[in-house]
Structures are given as structure tokens and as C-alpha cells.
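First up is the structure itself, then whatever we jot down about it.
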Amino acid sequence: MSTLKYRLLNFITCPYCKDSAFPLELIVIEEKVYEERRLPDNATKPLCDLYCGYKRMFIKDLKSQNIEPPCDECIKKEVVVGVLRCRVCNRWYPIIDEIPRLLPDEFRKREEDIAFLERYQEQIPDEIKFMGKPFNISPKHS
């Protein structure tokens, strides 16, 4: 499994909702910067073809607003801890130690997911904490 670089959002979607859920919403809790990373001299910008996860904008919108793709900054950053959320089905997927855990419900561990929500509850939106699937910390799931 790949670490969560912002440009990965150009490729991933909810395992349940597929393309209707593109792009997934990203909530960054902790980010790491690798200052030494640089784009190759021959790199063509933008690196992403559909969606810029770093700017949280579709590439077509960046172009229509004459916004320079931030590939030089994006390449330096990775999400260490965060959450990916499907806006269609409200499933959420934790990012732990730079790894997105895009597992189907039957392979998720309730205790681990609840512990994650409780640990980061100040940074996680209420839609996820109280209504997220497959687990949340609403009173009925306690």
C-alpha cells in the first residue's frame, strides 16, 4: 500500500461508491514535509490529471482560474495522520503512519476505529464522529 501523498487523491475513491464518490474528502490531522524532494527537471505540470489533492480542486478548475499547479510544494508533503471520507455513503477511512486504510467494512476493527475517532475527535468533523460508517462514537454505538 502506498503512503498518502496528496497526489494519490487523483486516483483513489470509495471502495463502495466507486467513481460517484470521486474525489474523497481529506481531513489532515498531521502532515510531514520532506524539504529535500524536488520535481525532476523534465516533469510536466500538473502531475495529476483530474484532481489536485493539495489544493483540493479539480485540475480543470485550476486551469480556468489561472492557478499555477502547486506540484513543487505538493511533492514535498505527505499526510501522516488523517481521514478520508466518502461524501456519498459517509464511510471514513483512517490514515495512520502515512498509510490510508481503505478496507471494506468486514475487515475493519471496531475497537481500533473507535480508538482513532476518540484520539483525534477534536480534529475530526462531527459528520464522521457521530454518523460515519462503519463505526462512529454516537451514543447508540457506545
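Observations on the structure shown:
- Fraction of accessible area attributable to carbon and sulfur, the stretch 1-47 (%, probe 1.4 Å): 49
- The residues neighbouring R85, those whose beta-carbon lies less than 15 Å from its own, together hold a net charge of +2 under the Lys/Arg +1, Asp/Glu -1 convention.
- Rounded to the nearest 10 degrees, the inclination of helix 110-119 to the longest alpha-carbon principal axis of the chain is 70 degrees.
- Listed values [x] 18.6, 57; [y] 16.0, 54; [z] 14.3, 45, entry calculated as Rg and Dmax of the Cα atoms in Å: [y]
- Taking E36, E111, E127 as the candidate residues, the one with maximal mean-square fluctuation in a Gaussian network model of the chain, Cα springs under 10 Å, is E36.
- Furthest towards positive pole of dipole, C17, I27, P139, structure part the chain, Cβ charges: C17
- Apportionment of accessible area to carbon and sulfur, the stretch 54-142, percent (1.4 Å): 50
- Looking at the chain, the accessible area is 57 square angstrom per residue; that uses a 1.4 Å probe and ignores ligands, DNA and RNA.
- Projected-area mean, the stretch 28-79, by convex hull of Cα positions, square nanometres: 3.9
The values are calculated or read from the model by the stated rules, or taken from the named source; none is laboratory data. The model shown is predicted, which means the values in this text are computed figures rather than measured ones. Ideal geometry is used to build each Cβ from the backbone, glycine not excepted, and the neighbour counts take in all protein chains shown. The protein model used for the area step is the full one, side chains on, heavy atoms only, and it has no ligands, DNA or RNA in it. Shrake-Rupley method; radii C 1.70, N 1.55, O 1.52, S 1.80 Å.
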